[in-house]
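Below: the structure, in structure tokens.
The values are calculated or read from the model by the stated rules, or taken from the named source; none is laboratory data. Small disclaimer: the values here were computed from a predicted structure and weren't measured. Glycine also receives a Cβ, built like all others from the backbone with ideal geometry; neighbour counts cover every protein chain displayed.
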Amino acid sequence: MKVGCLLIHGWTGSTFEMEPLVAPLEADGYVVRNIMLPGHGTTFEDFQTTGWADWEWAAEKEYEALAKEVDAVFVIGLSMGGTLALHLASKYPVAGVVPLAAPLYLYSYFPWQMKDWRIPFTPIVKHFKPIFSLGKRDDEHTQTAPWVGYDEFVSMQQLHELMKGVKKVRNEVSAITAPITVIQAPTDKSVPLGNVFLIAKKVASKEITVKLLRIEEKVTGHHVITTHIETSGKVCELVRKFVKEQVSTKL
């Protein structure tokens, strides 16, 4: 049986985030596609012309193309890529899905969970201050959790697109029946930990695994677990184990 793995990076990121999984999964004999979403991997100006519909459409087209080449497809994504993986799993007969630090919501008031108190005001703020400047990551941050993407500015319109997208997928995940493994660092500062349990609660899958990976360092936001020096190897091991078990027992 020919098995494919579709890898999807996160919001403002790039294929770099998912690259640590490519060679190991290929070594296991799978056809791997590490896709770049529209507006990513080029310029920030390109990014500002895209939205959830573009990212969702691209993920669907990449899935459909891979599904024509193989007998079964696993969808694996980080952050927004994980949310897109959940979308695909709700719409297509995937063999399994692995959301990594994936949001179904970005904030909540009770309990208080949000990276920045301004996030709830994004739909309004985007009209008055469409771009926010961010400080550059220092060397220690970059060495601890390597990342490639748009990190000097935040586009409020695209953040609003992300917010609308995760809300849409939150209403779709009850249609997911495929085996699922949800992975996140409990100290993730970008995606509230409650998302892990919300995903596990809402999906209709009979096989649900939740893995929380502890991170000790105090430098980064503990979000990009696919490249983080403390979690990258463990994430790769868990993904490979999940795919291998499903292939050997179910397919």
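Here P111 meets each of (1) more than 14 Å from T12 (Cα to Cα); (2) buried (at least 22 other Cβ atoms within 10 Å of the Cβ) with one exception, condition (2).
For segment 43-52, the count of residues that are within 23 Å of T209 (Cα to Cα) and touching a strand residue (DSSP E or B) at 6+ places or on another chain (Cβ under 6 Å) is zero. Of the numbered conditions (1) of a type outside the set (K, R); (2) farther than 19 Å from Q48 by Cβ; (3) surrounded by fewer than 18 Cβ atoms within 10 Å (Cβ to Cβ), F132 fails exactly one; give the number of that condition. The failed condition is (2). Looking at segment 26-35, is at least one residue touching a residue at least 24 places away in the same chain (Cβ under 8 Å) and buried (at least 23 other Cβ atoms within 10 Å of the Cβ)? Scanning segment 26-35 turns up no residue that is touching a residue at least 24 places away in the same chain (Cβ under 8 Å) and buried (at least 23 other Cβ atoms within 10 Å of the Cβ). Looking at segment 173-194, is at least one residue among the hydroxyl-bearing types (S, T, Y), buried (at least 20 other Cβ atoms within 10 Å of the Cβ), within 18 Å of the chain's Cα centre (by Cα) and more than 22 Å from P24 (Cβ to Cβ)? No: segment 173-194 contains no residue that is among the hydroxyl-bearing types (S, T, Y), buried (at least 20 other Cβ atoms within 10 Å of the Cβ), within 18 Å of the chain's Cα centre (by Cα) and more than 22 Å from P24 (Cβ to Cβ). Residues of segment 55-107 that are more than 22 Å from V224 (Cα to Cα) and polar (S, T, N, Q): S90 alone. Restricting attention to segment 57-82, and to residues there that are aliphatic (A, V, I, L, M), within 12 Å of the chain's Cα centre (by Cα) and not in a helix (DSSP H, G or I), which single residue is farthest from E19 (Cα to Cα)? Among them, the one singled out is V75.
Only one of these conditions is not met by I208: (1) touching a strand residue (DSSP E or B) at 6+ places or on another chain (Cβ under 9 Å); (2) buried (at least 21 other Cβ atoms within 10 Å of the Cβ). Which number is it? Only one criterion is unmet by I208, namely (2). The residues listed here are E237, E230; of these, the one that is among the acidic types (D, E), farther than 30 Å from G51 by Cβ, at pLDDT 95 or above and surrounded by fewer than 14 Cβ atoms within 10 Å (Cβ to Cβ) is E237.
Considered as a group, the residues in segment 120-129 that are touching a residue at least 24 places away in the same chain (Cβ under 8 Å) and loosely packed, with under 15 Cβ neighbours inside 10 Å include one that is nearest to K167 (Cα to Cα), and that residue is P123.
Which ones in segment 32-57 are within 13 Å of A85 (Cβ to Cβ) and aliphatic (A, V, I, L, M)? Residues satisfying the conditions are I35, L37.
Only one entry of D54, D46 meets the criterion of being assigned to a helix (DSSP H, G or I), of a type in the set (D, E), touching a residue at least 12 places away in the same chain (Cβ under 8 Å) and more than 23 Å from Q184 (Cβ to Cβ), and that entry is D54.
Look at segment 1-15: where a residue is of a type in the set (F, W, Y) and a partner is in a loop (DSSP other than H, G, I, E, B), sitting 6+ places away or on another chain with Cβ atoms under 7 Å, you get W11/S79.
Considering segment 240-251, the residues that are surrounded by fewer than 17 Cβ atoms within 10 Å (Cβ to Cβ) and at pLDDT 95 or above include one that is nearest to M80 (Cα to Cα), namely K241.
The residue that is surrounded by the fewest Cβ atoms within 10 Å (Cβ to Cβ), among those in segment 211-223 that are among the hydrophobic types (A, V, I, L, M, F, W, C) and touching a strand residue (DSSP E or B) at 6+ places or on another chain (Cβ under 7 Å), is L212.
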